[in-house]
Amino acid sequence: MATPSKTPPGADPKQLERTGTVREIGSQAVWSLSSCKPGFGVDQLRDDNLETYWQSDGSQPHLVNIQFRRKTTVKMLCIYADYKSDESYTPSKISVRVGNNFHNLQEVRVRTYTGPTSHIYPPKNSPIRTFMIQVAVLANHQNGRDTHMRQIKIYTPVEESSIGKFPRCTTVDFMMYRTIR
Amino acid sequence: MTVLQEPVQAAVWQALNHYAYMDAVFLAERLYAEVGSEEALYLLATCYFRSGKAYKAYRLLKTHTCSTPQCRYLLAKCCVDLSKLAEGEQVLTGGVLNKQKSQDDIITEFGDSASFTLSLLGHIYCKTDRVAKGSECFQKSLNLNPFLWSPFQSLCHLGEKLDPDQVFRLSSLHIPVAPPPPISPAQNPSHRLDTALMETPQDTLELNRLNLESSNGKLTSDSTVSYIDSSLISPDPCSLLANTVSMGSTGSLLGKPNKPKSGRSLLGGPAALTLCLQSVSRIGPSKSVFGQSGNGREVLPIPFSQSQGSAPHSSTSPQVLSPTLVAPPNIQPRRSTRLFTSASSTAKENSKKLKMKFPTKIPNRKTKCKAAKTANSNLNESLDILKLDSSMNDSKGLSTPGYQSITLQRAATDMVLYMLRELGRGYQALCCYNCQEAISILSSVPAHHYNTGWVLTHIGRAYFELAEYTQAERVFSEVRRIEAYRVEGMEIYSTTLWHLQKDVALSALSKDLTDMDRLCPQAWCVAGNCFSLQQEHDIAIKFFQRAIQVDPGFAYAYTLLGHEFALTEELDRALACFRNAIRVNNRHYNAWYGLGMIYYKQEKFSLAEIHFKKALSINPQSSVMLCHIGVVQHALKKSDSALETLNRAIGIDPKNPLCKFHRASILFANDKYKAALQELEELKQIVPKESLVYFLIGKVYKKLGQTHLALMNFSWAMDLDPKGANNQIKEAIDKRYLPEDEEPVTEDFLYDSAADVEESSMTDADDSQLHTAESDDVL
């Protein structure tokens, strides 16, 4: 979990989950990497621990592939990178591609990030339905070769009310009657 | 060798009464090694079972033959506790493959413990899917012993409609014979019997008292007959009682050798009985009767009881028929003592039986009696009779104390049965989901009963089923204050807090319960609900699975787990969970609702409707359920029936805002804009802060072409939705023709500017875009 020193206030993805509007679905996907140093692989990327990280071990671009069993609505992707501890390993240019499989990925977004520690959210215009997402690190700070990525989380919008096609209720009075539990 | 047994048995029972299980087990093991009789076997098994080691008792009884009913009952109980239901059934009825005994045979065989045996058997049948037989067993058990709550509860759970007034009353079976007015000598024996019975610890006394009272209930002239055959293994409690009762009446106890007699018929018998009461221990006919019924015939006990029975009868038969106060009192002590003591002290009776043979050993019992007696207070007056017996040779006339005691006992019995009836009616109403009625019945019990955990928990549950969560929460917090150790019903409390979104209270409750009892499923259900409220569904799933592990027969845990899987979009697993819940408890309407909800999510509307209707058939008063059915019917294009259903829902519970909301949306879908608007205006008054209401109003206005009103309402909706990112609202606005001719708001505009992005900033930007014409009034 994020240690207080590392997480800027208001940027904690856990907070985001607690709002109930999004849900983390990384556990429903198959993750793979283009390369990694032994002991610094997918597990470290997905272990909810900002101290451990993925270190790539090949040539750029470094890729994180996320494949779902079924077409999933993805709303947001959160990547945690920490310039203070990683310096030249910190990714600076990230490209997000979506598609059905490795052969028909299309770039959705390219972002250049500067600056300090943060969670980086490359959100999309509206939630995208896809089978596969590829996060590519095109360049690092200070032109570093390999990259560290400490955590990636992927979010889907929460289905609205259990009945009817309406958006979420906002008051407790409404929500009380929404479902029988 | 019998000489050896008595003191040892007494010591064992004393240890058991003082919960010193290690001592009891050790002594019982020595006794069994020494004697090897079936009684010793039973005693040892009882020690194991009471010390919590059912498996030891099970293995012990399995390896040695047990033919006595007590042993078989204990073995069956161990089997059920170890979930070996088939074996338990075989022990009790002779097995699935062999010819099975009928329930009447069982009644005959087990005698006094027949009511418990039948209750256990009913439990086995219900768990093995033979519900009809199970309910029959429960009914019979209640007939035999109206003080048993668990068969009544099981029958209510099965959905049977019982009449508590009929159930909780003393039937003729229970009515003891009305002995003639007590004659001192006669009374002595009877008293002794009673006292002997009283030797058991206080609770037995309680029972006795109850017995007495219950016996008060129905004295019939009939009763005089038949008690005498103590030798009978008659299952008929009356007969047993009669024996005891008769004690009081006459002084001349004739000791009578075994007299096989069935039921009540005995009038003539008594005379034959020789009175060896004085010499015989007071074990009391009831006890001996029990012993006999349990273990076949014992000569000594029989004469004792018989003599008691007979003597009064013979001497007072004409009097017996007249229901005098005296008669009942005599009877009552016996009856109740018999009925209840037998239950609790059958084993003791066994031992006592033995003791009877050795009157000299009586002092043990006397001390016990005295102890027991002194323990009682009030109604002990009625038990005074018994106390009088404490001295074997005490032959005071008991008539006066007898009357008083009997009246008191009768009053107490009536009181208890009245309470059982009232609570039974309330519970029955709750199980049929007549919640208002249940609340009114349960609220009208006397204050000292009202302020107990059980009553308040069920009232709270009734409010919960009515979806009046604030009331329920109030009642449940009262329960927590009064009985902090109560876990039954806490899962309902936790769901109430979940609905009300009171996370602090819920997490406090969860911590408290899991600290208190880690082995009860309710605590884990509460913990799961707590994390579910915090949107941490994976952890909630883990806790619900733990609840299922702790108790696989707890249906609600499966239901809650199903809901969590539904929230994490794992619909197949959710379906499996709901089906499991239904497997455990067919009348668990929440699980039927859950199935319907999953099918609705999968857009299988007709399946959803079927399941919702099934849930509704179980709980016809749920407005939420009707609301859902209405929505499903609308999805199936049956809008008229949908509207009708929603009208019904609103009729049942006018406070349910969702019904009105859905009705408005259906009217909107059917192009009845005016009616929809009217509905929504009313709804605005009821729930002014709900963004959905404004959203729908906006859509209606949009359809009507009143764009400025629509925009106004959409912006209000967005304002009221603090988490923003409500795509539907934004989309609705975007599609509108905006007079300012602006581009639709996109997120790019916002995110490109900063590394840190906050959700709310987007909303602000949107607002600024839309802000042109509409007013900024926020309610």
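Check whether at least one residue in segment B:506-514 is more than 12 Å from every other protein chain (Cβ to nearest Cβ), surrounded by 20 or more Cβ atoms within 10 Å (Cβ to Cβ) and under 19 Å from B:Ala467 (Cα atoms), and report yes or no. There is at least one residue in segment B:506-514 that is more than 12 Å from every other protein chain (Cβ to nearest Cβ), surrounded by 20 or more Cβ atoms within 10 Å (Cβ to Cβ) and under 19 Å from B:Ala467 (Cα atoms).
Please tell me if B:Gly630 is at pLDDT 95 or above and open to solvent by less than 10 Å² (accessible area, probe 1.4 Å). Against the criterion (at pLDDT 95 or above and open to solvent by less than 10 Å² (accessible area, probe 1.4 Å)), B:Gly630 does not qualify. With a requirement of 3 or more residues that are at pLDDT 85 or above, the helices (runs of 4 or more DSSP H) lying completely within segment A:1-105 that satisfy it span A:42-45.
Filtering segment B:666-688 to residues that are within 12 Å of chain A (Cβ to nearest Cβ) and under 30 Å from B:Asn434 (Cα atoms) leaves B:Ile666, B:Leu683, B:Ile686, B:Val687. For segment B:685-704, the set of residues classified as open to solvent by less than 70 Å² (accessible area, probe 1.4 Å), closer than 13 Å to B:Ala717 by Cβ and assigned to a helix (DSSP H, G or I) consists of B:Ser691, B:Leu692, B:Val693, B:Tyr694, B:Phe695, B:Leu696, B:Ile697, B:Gly698, B:Lys699, B:Val700, B:Tyr701, listed by residue number. Quick check on segment A:18-36. Is at least one of its residues open to solvent by 40 Å² or more (accessible area, probe 1.4 Å) and within 13 Å of the chain's Cα centre (by Cα)? Scanning segment A:18-36, I find at least one residue that is open to solvent by 40 Å² or more (accessible area, probe 1.4 Å) and within 13 Å of the chain's Cα centre (by Cα), so the answer is yes.
Scanning segment B:404-453 for residues being open to solvent by less than 60 Å² (accessible area, probe 1.4 Å), among the polar types (S, T, N, Q) and either in contact with an Asp or Glu (Cβ under 8 Å, 6 or more places away or on another chain) or not in a loop (DSSP other than H, G, I, E, B) (or both) gives a total of 6. Of all residues in segment B:555-592, those satisfying the criterion of being within 13 Å of chain A (Cβ to nearest Cβ) and free of Cβ contacts under 8 Å to residues at least 12 places away in the same chain are B:Glu569, B:Glu570, B:Asp572, B:Arg573.
From B:Glu603, B:Glu564, which residue is farther than 19 Å from B:Gly489 by Cα and either open to solvent by 10 Å² or more (accessible area, probe 1.4 Å) or of a type in the set (Lys, Arg) (or both)? Lay out the reasoning, then the answer.
Numbers: B:Glu564 fails: either open to solvent by 10 Å² or more (accessible area, probe 1.4 Å) or of a type in the set (Lys, Arg) (or both).
None of the other options fit; the residue is B:Glu603.
Checked against (1) in contact (Cβ under 8 Å) with a residue 60 or more places away in the chain; (2) within 16 Å of A:Phe166 (Cα to Cα), B:Ser622 passes all but condition (2).
Tallying residues that are within 14 Å of another protein chain (Cβ to nearest Cβ) and open to solvent by 10 Å² or more (accessible area, probe 1.4 Å) within segment B:531-554 yields 10.
Does at least one position in segment B:650-657 carry a residue that is touching a His at 6+ places or on another chain (Cβ under 9 Å) and within 10 Å of another protein chain (Cβ to nearest Cβ)? Outline the logic, then answer.
Our first condition is that a residue be touching a His at 6+ places or on another chain (Cβ under 9 Å); within segment B:650-657, this holds for none.
Looking for residues that are touching a His at 6+ places or on another chain (Cβ under 9 Å) and within 10 Å of another protein chain (Cβ to nearest Cβ), one finds none in segment B:650-657, hence no.
Where helices (runs of 4 or more DSSP H) sit wholly within segment B:46-113, those with at least 2 residues that are within 25 Å of the chain's Cα centre (by Cα) and in contact (Cβ under 8 Å) with a residue 60 or more places away in the chain occupy B:103-110.
May I ask you to say which residue of A:Tyr80, A:Tyr113 is over 14 Å from the mean Cα position of the chain (by Cα) and aromatic (Phe, Trp, Tyr)?
Step by step, each of A:Tyr80, A:Tyr113 is checked, and only A:Tyr113 is over 14 Å from the mean Cα position of the chain (by Cα) and aromatic (Phe, Trp, Tyr).
Taking into account only those residues within segment B:481-503 that are within 14 Å of chain A (Cβ to nearest Cβ) and of a type in the set (A, V, I, L, M, F, W, C), which is farthest from B:Ser532 (Cα to Cα)? Break it down stepwise before answering.
Taking segment B:481-503 as the starting set, the residues that turn out to be within 14 Å of chain A (Cβ to nearest Cβ) are B:491-503.
If we keep only those that are of a type in the set (A, V, I, L, M, F, W, C) too, we end up with B:492, B:497-498, B:500.
Values: B:Ile492: 15, B:Leu497: 11, B:Trp498: 8, B:Leu500: 13 Å.
The residue in question is B:Ile492.
Within segment B:26-45, the set of residues being at pLDDT 95 or above and either touching a strand residue (DSSP E or B) at 6+ places or on another chain (Cβ under 9 Å) or outside any helix (DSSP H, G or I) (or both) is empty.
The values are calculated or read from the model by the stated rules, or taken from the named source; none is laboratory data. These numbers were taken from a predicted model, which means no experiment stands behind them. Positions of Cβ are backbone-derived with ideal geometry, glycine not excepted, and every protein chain shown enters the neighbour counts. Ligands, DNA and RNA are excluded from the accessible area calculation, which covers all protein heavy atoms including side chains. Shrake-Rupley method; radii C 1.70, N 1.55, O 1.52, S 1.80 Å.
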